[in-house]
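Colleague: Starting off with a structure, shown below.
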Amino acid sequence: MIRGIRGATTVENNEAKEIISRSVDLLQEMVKENDIKPDDVASVFFTVTGDINDTFPAKSLRELEGWTYVPVMCMTEIPVPGSLPLCIRVMVTVNTDKEQKEVKHIYHYEARQLRPDLKR
């Protein structure tokens with residue numbers, strides 16, 4: 001079964017080093033909590049709010065060992081008034097035997113407010 005695993009984080013500054021660092025941290029926790037293997041991943045999609053443009057957060061995927069051939073893409077979120085600024089969202093589509101309720105979606109920093117129903 002293909003499942004989507006969601007995650008999101010925020011940065012304090014539109015700076016490449018912080019964008020990559022926070023994205024790596026988010027991905028590492030998503031991988032650990034969901035026991036994701038690169039060969040099981042169909043694709044990874046990142047979105048960013050319009051105030052993030054110093055680098056592609058998708059570069060963070062290349063920091064993970066074994067993820068060289070996983071397809072990845074970045075996009076811009078739609079600019080909804082009042083939405084959370086400086087936010088990076090990610091969707092990992094993965095082949096898994098997990099039930100939907102077993103998937104652990106990960107939210108860091110200010111992005112925790114996006115899904116308060118998923119707080120652990």
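Colleague: Does Lys59 fit the bill of being surrounded by 14 or more Cβ atoms within 10 Å (Cβ to Cβ) and at pLDDT below 95?
Modeller: Answer is yes for this residue.
Colleague: Collect the residues in region 4-25 that are surrounded by 21 or more Cβ atoms within 10 Å (Cβ to Cβ) and within 10 Å of the chain's Cα centre (by Cα), keeping them in residue-number order.
Modeller: Ile5, Gly7, Ala8, Thr9, Arg22, Ser23
Colleague: Can you tell me which condition Thr93 does not meet? The list is (1) outside any loop (DSSP other than H, G, I, E, B); (2) over 13 Å from the mean Cα position of the chain (by Cα); (3) touching a residue at least 24 places away in the same chain (Cβ under 8 Å), and all the others hold.
Modeller: (2)
Colleague: Still on this structure: Would you check which residues across region 76-118 are loosely packed, with under 12 Cβ neighbours inside 10 Å and closer than 21 Å to Ile36 by Cβ and list them?
Modeller: Asp97, Glu99, Gln100, Lys101, Glu102
Colleague: Turning to a different aspect of this structure: If Gln28 passes every condition in (1) polar (S, T, N, Q); (2) at pLDDT below 95; (3) under 12 Å from the mean Cα position of the chain (by Cα) but one, which one does it miss?
Modeller: (2)
Colleague: Tell me the residue from Pro57, Pro38, Pro79, Pro85 that is touching a strand residue (DSSP E or B) at 6+ places or on another chain (Cβ under 7 Å), in contact (Cβ under 8 Å) with a residue 24 or more places away in the chain and not hydrophobic (A, V, I, L, M, F, W, C), please.
Modeller: Pro57
Colleague: Could you list, in sequence order, all residues of region 32-49 that are under 13 Å from Asn95 (Cα atoms) and crowded, with 18+ Cβ neighbours inside 10 Å?
Modeller: The initial filter retains those residues of region 32-49 that are under 13 Å from Asn95 (Cα atoms), namely 34-44.
Within region 32-49, Asn34, Ile36, Val41, Val44 meet the criteria.
Colleague: Hey, another quick one. Go through region 101-120 and give me each residue that's among the basic types (Lys, Arg) and outside any loop (DSSP other than H, G, I, E, B). Even if it seems obvious, please write down each step before you answer.
Modeller: Of all residues in region 101-120, those among the basic types (Lys, Arg) come to 101, 104, 112, 115, 119-120.
Those that are among the basic types (Lys, Arg) and outside any loop (DSSP other than H, G, I, E, B): Lys101, Arg112.
The values are calculated or read from the model by the stated rules, or taken from the named source; none is laboratory data. Note that the coordinates shown come from a computational prediction; the quantities given were computed from them, not determined experimentally. A quick note on method: Cβ atoms are made from the backbone with ideal geometry, for glycine too, and the neighbour counts reach across all protein chains shown.
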